[in-house]
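Before any comments, here is the structure.
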Amino acid sequence: MIKHANRLDSVEEYYFSKKLREVSKMIASGEPVINMGIGSPDLYPSKIVIDEIKSSLSDQVAHKYQSYQGIYELRKSISDFYNKYFKVELDPDNEILPLMGSKEGIMHISLAFLNPGDEVLIPNPGYPTYLSVTKLVEAKPRFYNLSLENKWFPDIEELEKLNLSNVKIMWVNYPHMPTGASASKQQFEQLINFAKKHNILIINDNPYSFILNDNHTSLLSIDNSKEVAMELNSLSKSFNMSGWRVGMLLGSSENISRVLKVKSNMDSGMFYGVQKGAIAALNLDKNWFDELNIKYTIRRKLIWKIADVLNCKYDKSSKGLFVWAKLPEEIKDSEKFIDNLLNEKKIFVAPGTIFGSEGQGYIRFSLCIDESIINEALKRLEE
């Protein structure tokens with residue numbers, strides 16, 4: 001029997017991959033499960049975007065290998081988008097790298113900068129992929145805890161007390177998933193100063209800036225931040241294009257070139273039609289986000305009603321695609337709670353523990369569900 005690679009012993013199959021199989025089996029057997037756990041937008045992209053990918057298919061170059069850096073028109077659109085909404089100037093020639101989803105970028109960045117044994121600062125709670133990729137490249141994860149008391153922002157004073165000599169990368173994610181917390185410019189300045197002091201590459205994962213959020217912020221808006229910072233972004237959430245797999249990495253030309261060395265050895269470029277559709281999305285006007293957020297505002301209010309029925313607490317000022325809810329004090333086990341909810345009410349929500357130990361006592365609701373289905377879930381809980 002052929003033995004698997006040792007690195008697989010350090011990771012498990014992604015939680016949602018496993019749990020959705022369970023949910024799918026329940027649905028296939030006739031159980032009316034409502035999935036309120038995963039953040040895959042159910043709304044359509046703009047018709048302009050869909051029409052653009054259709055029309056691009058007859059272009060002469062549409063079905064050929066594409067540039068590892070993406071077509072120039074896409075990089076220019078990303079540059080213009082960041083200048084318009086974040087007031088960040090990026091050279092489309094060498095400071096922008098389109099990706100097939102920002103999740104891919106986490107692996108590419110880690111391969112480009114981490115050696116075995118290097119340490120990585122990872123938020124707790126936070127996106128599970130930061131941890132799994134760190135383990136796969138044989139680096140060492142070091143968690144920094146986020147708390148409600150500190151508004152889910154890193155405690156820089158506490159981090160300063162640690163031995164950081166082996167830390168190479170720090171992952172941050174604002175607006176934050178799963179909590180919905182946002183970061184101010186002053187807080188971003190603290191992060192950049194911290195990174196410069198300790199020679200750490202800090203990466204902000206920023207896919208939620210346009211969902212229920214009027215204050216669009218970028219870590220790269222801080223003066224001279226590109227010396228120590230990079231930023232990931234994505235069209236998945238803001239443009240309802242999660243299945244298209246369009247992301248981007250932004251940073252100094254030197255750091256982008258390092259990541260490109262990895263990427264160019266792992267794929268043969270993004271499909272041309274997808275790039276053309278992405279260009280159309282990035283050039284939509286502000287009305288697109290306004291109309292999107294009207295829908296999400298309605299959905300969020302309904303989710304709040306569900307949280308109220310469950311006696312959960314939540315922050316009405318949170319941003320992004322989720323509602324992060326604190327379970328009643330007498331409920332100590334998030335996973336047991338959601339399993340009971342699934343079995344008794346046929347409703348699936350995400351347990352906070354999948355995002356780290358600091359998620360114990362919390363659950364996460366997704367807004368990627370039609371209002372009629374949310375109302376059905378509410379009805380079941382009120383029965």
Original post:
Given Tyr208, Asn145, Phe239, which one lies farthest toward the positive end of the charge dipole of the range 59-282, if we put +1 on the Cβ of every Lys and Arg and -1 on the Cβ of every Asp and Glu?
Top reply: Phe239
**OP:** Please work out the C-alpha center-to-center distance from the range 130-159 to the range 1-36 and express it in whole Å.
**Re:** 25
Original post:
Which of Asn145, Asn283, Asn204 moves most in a GNM of the chain, Cα contacts under 10 Å?
Top reply: Asn283
**OP:** Round to the nearest 0.05 the FRET efficiency obtained for Glu138 and Ser40 when R0 = 30 Å and r is the Cβ-Cβ distance.
**Re:** 0.45
Original post:
Pick from Asp214, Asp285, Asp51: which residue has the top mean-square fluctuation in a GNM of the chain where Cα pairs under 10 Å get a spring?
Top reply: Asp285
Subject >> the chain: calculated mean residue ellipticity at 222 nm from DSSP helix runs of at least 4, using -39500 (n - 2.57) >> reply: -12000 deg cm²/dmol
Original post:
Which residue, chosen from Leu284, Pro128, Met100, occupies the Cα position most advanced towards the positive end of the dipole of the chain, where the dipole is computed from +1 (Lys, Arg) and -1 (Asp, Glu) charges on Cβ about the Cα centre?
Top reply: Met100
**OP:** Using a Förster distance of 51 angstrom, determine the FRET efficiency expected from the C-beta separation of Ser253 and Val11, and round it to 0.05.
**Re:** 0.95
Subject >> FRET efficiency, 1/(1 + (r/R0)^6) with R0 51 Å, evaluated for Ile331 and Lys286 via beta carbons >> reply: 0.80
Subject >> Partners for Lys76 among aspartates and glutamates (Cα-Cα distance below 16 Å; same-chain residues under 8 apart left out) >> reply: Glu89, Asp91, Asp93, Glu95
Subject >> Among Lys47, Lys103, Lys313: highest mean-square fluctuation, GNM of the chain, C-alpha pairs under 10 Å >> reply: Lys47
**OP:** Determine, for each peptide in 20-33, 117-130, 338-351, the mean count of other beta carbons within 10 angstrom over its residues, then list the peptides with the highest first.
**Re:** 117-130, 338-351, 20-33
**OP:** Sketch the reach of a paramagnetic label on Asn375 as a point 7 Å from Cα along Cα-to-Cβ, and name the residues of the range 294-312 whose backbone nitrogen lies under 19 Å away.
**Re:** 294-309
Subject >> Inter-label distance, nm, simple model (7 Å from Cα along the C-beta direction), Glu160/Lys316 >> reply: 3.6
Original post:
In whole Å, what is the distance between the alpha-carbon centres of the range 37-81 and the range 189-219?
Top reply: 26
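Using Cβ contacts closer than 10 Å as the measure, can you line up Ile48, Ile256 from fewest to most?
Numbers: Ile48 13, Ile256 23.
Result, fewest neighbours first: Ile48, Ile256.
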Subject >> Additional length obtainable on full extension of the chain from Lys25 to Asp80, 0.36 nm per residue less Cα span >> reply: 15.3 nm
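Just want to confirm a number: the relative contact order over the chain, from Cα pairs under 8 angstrom separated by 6+ residues, in percent.
Details: 696 pairs, mean separation 93.9, N = 383.
The normalised contact order for the chain reaches 25 percent.
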**OP:** Among (i) 66, 48, 40; (ii) 83, 52, 45; (iii) 59, 56, 55, find the value of Cα extents along the principal axes in Å that was calculated from the structure presented, and write down its label.
**Re:** (iii)
**OP:** Tell me the label-point distance for the pair Glu189, Lys47, using the 7 Å Cα-to-Cβ offset, in nm and rounded to one decimal.
**Re:** 4.7
Subject >> Among Thr217, Ile256, Phe86 - extreme Cα towards positive end, dipole of the range 59-282, charges at beta-carbon >> reply: Ile256
Original post:
For the peptides 161-171, 266-276, what is the packing order when you average, over each peptide's residues, the other Cβ atoms within 10 Å and list the highest mean first?
Top reply: 266-276, 161-171
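Tell me, what is the percent relative contact order of the range 290-362, built from C-alpha pairs under 8 Å that lie six or more residues apart? Before the final figure, lay out the partial values.
Working: 69 pairs, mean separation 16.6, N = 73.
Reported relative contact order: 23 percent.
Take every DSSP beta bridge with both residues inside the chain and express the antiparallel ones as a percent of the total, to the nearest 5. Let's see the in-between values first.
Numbers: 17 of 36 bridges.
Taking every DSSP beta bridge within the chain, about 45 percent pair in antiparallel fashion.
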**OP:** Please give every one of the lysines within straight-line cross-link reach of Lys313, meaning a C-alpha to C-alpha distance under 23 Å, and leave out same-chain neighbours fewer than 8 residues apart.
**Re:** Lys151, Lys295, Lys301, Lys305, Lys326, Lys332, Lys336, Lys345, Lys346, Lys379
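Based on Cβ point charges of +1 for Lys and Arg and -1 for Asp and Glu, what charge dipole magnitude is obtained for the chain about its Cα centre, in debye rounded to the nearest 20?
Values: 47 positive and 49 negative charges, 92 e Å.
Charge dipole of the chain: 440 debye, to the nearest 20.
We did not get these values from a lab; they are worked out from the coordinates using the rules stated. Predicted model, so just to flag it, every value in this text is computed and none were measured. Note: ideal-geometry Cβ built from the backbone for every residue, glycine included; neighbour counts use all protein chains shown.
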